[in-house]
Amino acid sequence: MQIEQFSYDNKIVKWFAFATILWAIVGMLAGLWAAIALYYPAINLNFAPTTFGRMRPVHTNAVIFAFVGNGIFMGVYYSLQRLCKARMFSDLLSKIHFWGWQSIIVAAALTLWAGYTTGKEYAELEWPIDIAITLVWVVFGINIFGTILKRRESHLYVAIWFYIATWVTVAMLHIVNSFELPISLFKSYSWYAGVQDALVQWWYGHNAVAFFLTTPYLGLMYYFLPKAANRPVYSYRLSIIHFWALIFLYIWAGPHHLLYTALPDWAQSLGVVFSVMLIAPSWGGMLNGLFTLRGAWDKVREEPVLKFLVVAITCYGMATFEGPMLSLKSVNAIAHFSDWIVAHVHVGALGWNGFLTFGVLYWLIPRMYNTPLYSKKLAGTHFWIGTIGIILYAIPLYWAGFAQSMMWKQFTEEGQLKFQFLETVTHIIPMYITRSIGGTLYLAGALIMVYNLYKTMKAGSFVANEEAEAAPLPKEIKAHGKEHWHRWIEKRPIQMLVFSFVAVAIGGVLEFVPAFLVKSNVPTISSVKPYTPLELHGRDIYVREGCYTCHSQMIRPFRDEVARYGEYSKAGEFVYDHPFQWGSKRTGPDLAREGGKYPDSWHYNHMLDPTSMSPGSIMPSYPWLFDDKIDTTLTPKMIKAMQTLGVPYEKDYATIANKDLNTQANAIRINLKMEKIEVGKHDEIVALIAYLQRMGTDIKK
């Protein structure tokens, strides 16, 4: 048999490894900044880009798409070549992928800091960047499938299954959720509205966690854990069940983010049922990983790489048990909108994604530089500091979340709410401080890793093209005896791609079709009218400043919420909301019925200096709203876009919209002047006040 000589491309792996390290530090710093802002508002600096509402999406995008994203590409480019016994399909495509992705990350950070956002969590990037993401993802797909097709190994190892499912599902999620109507270079409106937008968004949001933060990392686990332990995967059969059950069930579970909301009950129930079923495949994967280490626990004590991987897999198990538990309505009623959810997410992010990435880096860098790790002792120090950091991060937030929820729900003997909302915020500030200490420790551990890896690289010599040899793939792959269906598909990447797509698409289709086509799912309310032009401008400002990161607009049908905020929310209230603004965390009170509660002057002073209206508030001030003007030249485009999206403005209303805008703005200006407050009718604060005063007034009795 002829043996072919070839080489693996380590250069692209090194580039992605460096990017992973860089963006890890940047993303963690942004997260630490946002964490400190929740108890020390002065860190917002009265400067728009550094406020919590803008830093939080910068943090989430940096850690998800920059840190974890580059970590995925690093691991895939290294492992795929060796699993296929082939160099990557195209060095040029590898370079285009790398530089394209880094350009997207930089553009994302700059635009989010500048306030260009769609207002949809984990999908905040505006339409030009969405297009760029699609193109770069296609380049990545061509490169991985080209490599698989020219492989010298007939069998597709389990890690490759997860890579294929990741690629096809992320493409589907991104494209479906990114349907938007642009009105300018960096402004668009979601194609969906209200309840339907919420369903699509959390179908995307939940499955971004599933297929960007989970499935590719499971692929990395299945490759790097056996390599680091020098042992085969515990059960190949379990890996088959793990893969197919996981990708089929995961896609249905998104509605569990919307329990007790205006989403139809049938969709909520689907989310609960499939979330609970997810425990089985998730824990099957976790146990497959841990049992791979059977008989190798002495090695775990000695090798820092295995320490990181063991804790990562354990955190995966914890997060994938807690997720289904949080999907139970009785538990969700307590946890949702509280810091409990933040704790849950970070057990997965810091433990599963962070620690597994650190373990892979500690394993990869010495091998690519042909030298031992500079210091196992420093790596061990990183491990313990990072572990303590996770504990100090998560436990206080679990405590804070439970305390918040219990305080929200308490009544006096006379039947009155026992605590004002602000009291529930100030009560948990010590937990916020402790959380930031945990985050600082975690960041310190990552900096120790940077030093350790730098010294390792300095001591070694980088192998850019690693020589290898293997026999070519036979033209015809013959089965030995009777072949099971999974054996047939595991040798055929295109069929694997198609089967994976069908498995993940079924859930989305069966949720979306009735939600979009059956009108009874979103019953209309005759009193709900489209936003005025000034209110549309104000809503855009609300979205730009990230107000949804702290405030919800969704009153659930609980006694305490109705007593605190007003009548519970109905599906028909949100039919003109592009995008929806239900939020996922209450650092501040719900605003669904905010309109008319306070005079215009209260909102003016509250945005200028929140503590003047709410002593002890942790909300930042927004002084630029009092200097900056709304762009009234955009008003006709905004109205036309809304008409295209189905909002029933009168024909040709775009031509006279600014006249109505000026009339409403003048009324607010006069109201403020009566309180001895001078404003211009086109000041941004005037538009924001108009929107705040509109919230919930359409259905108030």
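The values are calculated or read from the model by the stated rules, or taken from the named source; none is laboratory data. What you see is a predicted model; the values in this text were computed from it and never measured. Glycine also receives a Cβ, built like all others from the backbone with ideal geometry; neighbour counts cover every protein chain displayed.
Within the range 188-238, the set of residues being more than 22 Å from Gly75 (Cα to Cα) and of a type in the set (Lys, Arg) comprises Arg237 only.
Scan Met619, Met638, Met695 and give me the residue that is of a type outside the set (Val, Ile, Thr) and over 21 Å from Pro530 (Cα atoms).
On the way: Met638 fails: over 21 Å from Pro530 (Cα atoms); Met695 fails: over 21 Å from Pro530 (Cα atoms).
After applying the criteria, what remains is Met619.
One line per residue, one yes/no per condition, for (1) touching a Phe, Trp or Tyr at 6+ places or on another chain (Cβ under 6 Å); (2) more than 20 Å from Trp363 (Cα to Cα); (3) at pLDDT 95 or above:
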{"site": "Phe274", "(1), (2), (3)": "yes, yes, yes"}
{"site": "Ala296", "(1), (2), (3)": "no, no, no"}
{"site": "Glu302", "(1), (2), (3)": "no, no, no"}
{"site": "Lys307", "(1), (2), (3)": "yes, no, yes"}
{"site": "Ile313", "(1), (2), (3)": "no, no, yes"}
{"site": "Met318", "(1), (2), (3)": "no, yes, yes"}
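If you check Val276, Val233, Val272 for being assigned to a loop (DSSP other than H, G, I, E, B), surrounded by fewer than 23 Cβ atoms within 10 Å (Cβ to Cβ) and among the aliphatic types (A, V, I, L, M), only one passes: Val233.
Based on this model, can you work out whether Thr587 counts as among the polar types (S, T, N, Q), closer than 21 Å to Glu423 by Cβ and under 21 Å from the mean Cα position of the chain (by Cα)?
Values: among the polar types (S, T, N, Q): yes; closer than 21 Å to Glu423 by Cβ: yes; under 21 Å from the mean Cα position of the chain (by Cα): yes.
So Thr587 fits the description; yes.
Hey, could you check the range 100-116 for residues that are hydrophobic (A, V, I, L, M, F, W, C) and more than 12 Å from Ile133 (Cα to Cα) and say which is farthest from the chain's Cα centre (by Cα)? Lay out the reasoning, then the answer.
Of the residues in the range 100-116, the ones hydrophobic (A, V, I, L, M, F, W, C) are 101, 104-110, 112-114.
Subsequent filtering for residues that are more than 12 Å from Ile133 (Cα to Cα) retains 106, 109-110, 112-114.
On the way: Val106: 17, Ala109: 15, Leu110: 18, Leu112: 14, Trp113: 17, Ala114: 20 Å.
Per the stated criteria, the residue is Ala114.
Each residue in the range 298-352 was checked for being assigned to a helix (DSSP H, G or I) and either of a type outside the set (Val, Ile, Thr) or touching a His at 6+ places or on another chain (Cβ under 7 Å) (or both), and 36 pass. Scanning the range 116-146 for residues that are touching an Asp or Glu at 6+ places or on another chain (Cβ under 7 Å) and assigned to a loop (DSSP other than H, G, I, E, B) returns Tyr116, Thr117, Thr118.
Could you look through the range 74-92, keep only residues that are touching a Ser or Thr at 6+ places or on another chain (Cβ under 9 Å), surrounded by 20 or more Cβ atoms within 10 Å (Cβ to Cβ) and not hydrophobic (A, V, I, L, M, F, W, C), and pick out the one that is farthest from Phe18 (Cα to Cα)? Restricting to residues being touching a Ser or Thr at 6+ places or on another chain (Cβ under 9 Å), surrounded by 20 or more Cβ atoms within 10 Å (Cβ to Cβ) and not hydrophobic (A, V, I, L, M, F, W, C), the top hit is Gln81. If only residues of the range 353-384 that are outside any helix (DSSP H, G or I) and either out of contact with any helix residue (DSSP H, G or I) (no Cβ under 7 Å at 6 or more places or on another chain) or of a type in the set (Gly, Ala, Ser) (or both) are counted, the one that is farthest from Val311 (Cα to Cα) is Asn370.
Among the residues of the range 447-468, those identified as part of a helix (DSSP H, G or I) and not polar (S, T, N, Q) are Leu447, Ile448, Met449, Val450, Tyr451, Leu453, Tyr454, Lys455, Met457, Lys458, Ala459.
Listed here are the residues, each with its yes/no results for (1) within 20 Å of Asn353 (Cβ to Cβ); (2) surrounded by 15 or more Cβ atoms within 10 Å (Cβ to Cβ).
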{"position": "Glu414", "(1), (2)": "no, no"}
{"position": "Leu417", "(1), (2)": "no, yes"}
{"position": "Leu422", "(1), (2)": "no, yes"}
{"position": "Thr426", "(1), (2)": "no, no"}
{"position": "Pro430", "(1), (2)": "no, no"}
{"position": "Gly439", "(1), (2)": "yes, yes"}
{"position": "Gly445", "(1), (2)": "yes, yes"}
{"position": "Met449", "(1), (2)": "yes, yes"}
{"position": "Lys458", "(1), (2)": "no, no"}
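The conditions of being at pLDDT 95 or above, of a type in the set (A, V, I, L, M, F, W, C) and over 28 Å from Gly219 (Cβ atoms) are met by Ile43. Entry remark, the range 390-446: residues being assigned to a helix (DSSP H, G or I) and either closer than 30 Å to Ala563 by Cβ or of a type outside the set (Ser, Thr, Tyr) (or both) number 39 in total.
Residues of the range 669-700 being assigned to a loop (DSSP other than H, G, I, E, B) and without any contact (Cβ under 8 Å) to a residue 24 or more places away in the chain, which ones? First the steps, then the outcome.
Within the range 669-700, the subset assigned to a loop (DSSP other than H, G, I, E, B) is 675-682, 695-696, 700.
Selection gives Lys676, Glu678, Lys681.
Here Ala30 does not fit the description of being surrounded by 20 or more Cβ atoms within 10 Å (Cβ to Cβ), out of contact with any Cys (no Cβ under 8 Å at 6 or more places or on another chain), outside the structural domain of Leu350 (by TED's automatic domain parsing) and farther than 21 Å from Tyr432 by Cα. Tell me, yes or no, whether the range 581-599 has at least one residue that is among the hydrophobic types (A, V, I, L, M, F, W, C) and at pLDDT below 95. The answer is no; no qualifying residue exists. Just a yes or no: is a residue in the range 17-25 farther than 17 Å from Ala349 by Cβ and surrounded by fewer than 20 Cβ atoms within 10 Å (Cβ to Cβ)? Looking for residues that are farther than 17 Å from Ala349 by Cβ and surrounded by fewer than 20 Cβ atoms within 10 Å (Cβ to Cβ), one finds at least one in the range 17-25, hence yes. Do you know which of the residues in the range 290-320 that are within 25 Å of the chain's Cα centre (by Cα) and small (Gly, Ala, Ser) is surrounded by the most Cβ atoms within 10 Å (Cβ to Cβ)? Within the range 290-320, the match that is surrounded by the most Cβ atoms within 10 Å (Cβ to Cβ) is Ala312.
Each row is one residue, and each column tells you yes or no for (1) surrounded by 21 or more Cβ atoms within 10 Å (Cβ to Cβ); (2) over 30 Å from Pro523 (Cβ atoms); (3) among the acidic types (Asp, Glu).
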{"position": "Pro579", "(1), (2), (3)": "yes, no, no"}
{"position": "Gly588", "(1), (2), (3)": "no, no, no"}
{"position": "Leu591", "(1), (2), (3)": "yes, no, no"}
{"position": "Glu594", "(1), (2), (3)": "yes, no, yes"}
{"position": "His606", "(1), (2), (3)": "no, yes, no"}
{"position": "Asp609", "(1), (2), (3)": "no, yes, yes"}
{"position": "Ser614", "(1), (2), (3)": "no, yes, no"}
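Looking across Leu112, Leu125, Leu173, one residue alone is over 28 Å from Ala464 (Cβ atoms), surrounded by 22 or more Cβ atoms within 10 Å (Cβ to Cβ) and touching a Phe, Trp or Tyr at 6+ places or on another chain (Cβ under 7 Å). It is Leu173. Residues that are within 25 Å of the chain's Cα centre (by Cα) and among the β-branched types (Val, Ile, Thr) occur at least once in the range 544-554. Touching a residue at least 12 places away in the same chain (Cβ under 8 Å), assigned to a helix (DSSP H, G or I) and among the polar types (S, T, N, Q) - does that describe any residue in the range 626-633? Scanning the range 626-633 turns up at least one residue that is touching a residue at least 12 places away in the same chain (Cβ under 8 Å), assigned to a helix (DSSP H, G or I) and among the polar types (S, T, N, Q). Pairing each residue of the range 203-229 that is without any contact (Cβ under 8 Å) to a residue 12 or more places away in the chain with any residue that is surrounded by fewer than 23 Cβ atoms within 10 Å (Cβ to Cβ) and part of a helix (DSSP H, G or I), provided the two are 6+ apart or on different chains, yields no C-beta distance under 8 Å. The selection criterion, being in contact (Cβ under 8 Å) with a residue 24 or more places away in the chain, over 21 Å from the mean Cα position of the chain (by Cα) and more than 19 Å from Tyr122 (Cβ to Cβ), holds for Leu378. In the range 101-109 there is no residue that is buried (at least 23 other Cβ atoms within 10 Å of the Cβ) and more than 26 Å from Ser190 (Cα to Cα). Residues in the range 305-327 that are under 24 Å from Gly254 (Cα atoms) and free of Cβ contacts under 8 Å to residues at least 24 places away in the same chain: Met325 only. Criterion applied to Ala657, Ala667 was being crowded, with 18+ Cβ neighbours inside 10 Å, in the same structural domain as Ala690 (by TED's automatic domain parsing) and either small (Gly, Ala, Ser) or in contact with a Ser or Thr (Cβ under 6 Å, 6 or more places away or on another chain) (or both), and the one residue passing it is Ala657.
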